[in-house]
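Each value in this text was obtained by applying a stated rule to the coordinates, not by laboratory testing. As the structure is a prediction and not an experimental result, all values here were calculated from the model. Note that each Cβ is placed from the backbone with ideal geometry, even for glycine, and that neighbours are counted across all protein chains shown.
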Amino acid sequence: MKLKLKFSAVTIAFLTMSFNAQSEIQEIHLTIKDHLFFPETLIVPINQKIKLIIDNQDKTPEEFDSFDLNREKVIFGYSRAVIYIGPLKKGQYTFFGEYAPQTAQGKIIARKKESQNAP
Amino acid sequence: MLLNTVIVSLSSILPICIFLVLVKLLCKESKSEFRWVLLGLFLGIFINLIIINTAPYISTWFDYNAMEYLIISLYCFFYLSILNLLFRLHQQDDIWCVTLILSTCFSMLLYGNHFLIYVIGYWQQSYSFNGLLIGSSLGFGVCISFSVLFFFSINYLIKRFKIITLYLFLLLHASGQLIPALNLAVQVDLISLNPPFWDSSWLIEESSEIGRLIKALFGYEAKPSLLEISIYAFSTFLPLTYFIFTKGVSKQNSIQLREDTK
């Protein structure tokens, strides 16, 4: 009985990791220019996976970093990067550029689906 | 620029310094040569420069996810190489030396990469040269000071609680590298993780100084998922139990052998 319970616990732990099938994922674009993020605020739907496409239009590299989202990615100069985020709960998630944290700052607001991206 | 360079250099160089201190102690305990580690360090810098020069091109592969796949592989190889170092510690053969070189090289590739990208990316900007130079020197200084303190602390613990302390620190450090690998796998949509099992950011924030330090030491996560906790515990305590058990067995064997010869 104990062995069964242990086996079930291990199985549950590993079932939490599932290899993802490719499906329709909403894409959101973010641009880095002059060490700033455009748009500064992104509004995304809750409980949905998002494909964040980041374009670095600066000559210098930048690192997209977010402790709230647990994401970290170097984007080389004049280059592009793709990061998957979510599904997110309702709330606000900050991100910043690790190489220019004073200027490159932004946030993602997870809301219900009706909302649109801020200008 | 100055403060940011200090932060970037600290977060990049500190994990390398921690690894070097642990490996230095491992070499000291096993009476092997440290020069292999230095070779691994130079090899790591050399490969890093090649990767940085080709990374803007490589990163576009696999829907802009190629670098993540590369880094995930490096994290896993790093863990395996440390396991191999510990398993073969008393054999000291060619494979052990090659593993020592490779593990140092992996550490350099994983952490030195960020710092080199930052320095190479910004040093040509006229406004940032002084900040980079002073900031990097300060960062290096802090890392070296910490390394000296860390070396003597662990050395003391080894004398007090035997070599198993070193095994524990190396395994915790190595297992800590599997957590960012998991996060990267989520980042490229390879796997999904459950919501955080707990949230300790009220106690120690990942972005704080202490948070960064224990992240470099043991791979601290303020909001880990159940899978992250399971993998961390499994990859640390399973080999550790094995080492404790085999050490106990070999001790018993040697006692038995001594009694037989009497």
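The rule of thumb for compact globular proteins, 2.2 N^0.38 Å, goes into the C-alpha radius of gyration of the range A:26-113 1.00 times. Helix B:2-30 and the longest principal axis of the Cα set of chain B meet at an angle near 20°. Extension gain, B:PHE234-B:ILE164: 0.36 nm per intervening residue step, less the Cα-Cα distance, totals 23.5 nm. May I ask which residue of B:ALA174, B:GLN91, B:TYR118 lies farthest towards the positive end of the charge dipole of the range B:2-261, with charges of +1 (Lys, Arg) and -1 (Asp, Glu) on Cβ and the Cα centre as origin? With unit charges placed on the Cβ atoms, the residue in question is B:GLN91. With the charge dipole of the protein assembly as shown set up from +1 on Lys and Arg Cβ and -1 on Asp and Glu Cβ about the Cα centre, the Cα lying farthest toward the positive end among the listed residues B:LEU38, A:GLN105, B:LEU109 is that of B:LEU38. Tilt of helix B:66-87 relative to the longest C-alpha principal axis of chain B, in degrees (0 to 90, nearest 10)? Between the helix axis and the principal axis of chain B, the angle is about 20 degrees. Cross-link partners for A:LYS33 among the aspartates and glutamates, with Cα-Cα distance under 18 Å and sequence neighbours closer than 8 places in the same chain left out: A:ASP55, A:ASP58, A:GLU62, A:GLU63, A:ASP65, A:GLU98.
Quick one: what do you get for the range B:126-191 if you divide its Cα Rg by 2.2 N^0.38 Å? Walk me through the intermediate numbers first.
Working: Rg = 18.2 Å, N = 66, 2.2 N^0.38 = 10.8 Å.
For the range B:126-191, the normalised Cα radius of gyration is 1.69.
Compare the Cα positions of B:ALA185, A:PHE95, B:LEU227 along the charge dipole of the protein assembly as shown (+1 at Cβ of Lys, Arg; -1 at Cβ of Asp, Glu; about the Cα centre) and return the one farthest towards the positive end. Ranked along the dipole, the leading option is B:LEU227.
Its residues counted as N, chain B yields a C-alpha radius of gyration over 2.2 N^0.38 Å of 1.09. Each label point is 7 Å from the Cα along the Cα-to-Cβ direction; what then is the distance between the points at B:ASP199 and A:ILE43, in nm? So the label points at B:ASP199 and A:ILE43 sit 2.3 nm apart. Per-residue mean of foreign Cβ neighbours for B:56-65 is 4 (Cβ atoms of other chains, 10 Å radius).
Rounded, prolate or oblate: pick one for the protein assembly as shown, where a ≥ b ≥ c are the square roots of the eigenvalues of its C-alpha gyration tensor, a/c under 1.5 means rounded, and failing that, prolate if a/b is larger than b/c, else oblate. Mind showing how you got there, number by number?
Working: a/c = 2.19, a/b = 1.43, b/c = 1.54.
Verdict is oblate for the protein assembly as shown.
Might you report the magnitude of the Cβ-based charge dipole of the protein assembly as shown about its Cα centre, with Lys and Arg at +1 and Asp and Glu at -1, to the nearest 20 debye?
On the way: 31 positive and 28 negative charges, 274 e Å.
Here the protein assembly as shown has a charge dipole of around 1320 debye.
Exceeding 21 Å between C-alpha atoms, which entries from my cross-link table qualify? They are A:LYS89/A:LYS113; A:LYS73/A:LYS107; A:LYS49/A:LYS89. Intermediate results must be reported in sequence, preceding the final value.
Working: A:LYS89/A:LYS113 12 Å; A:LYS73/A:LYS107 16 Å; A:LYS49/A:LYS89 11 Å.
Too far apart for the 21 Å limit: no listed pair.
Close amide H partners of A:ALA104, meaning residues 5 or more places away or on another chain with modelled amide H under 5 Å apart, are A:GLY97. Rounded to 0.05, the FRET efficiency of the B:ASN130 and A:ASP34 pair, given R0 = 22 Å and the Cβ-Cβ distance, is 0.55. For the range B:2-261, lysine pairs with C-alpha atoms less than 24 angstrom apart, excluding pairs fewer than eight positions apart on the same chain, total 17.
Which whole-number percent is the relative contact order of chain B (Cα, under 8 Å, 6+ apart)? Normalised by residue count, the contact order of chain B is 27 percent.
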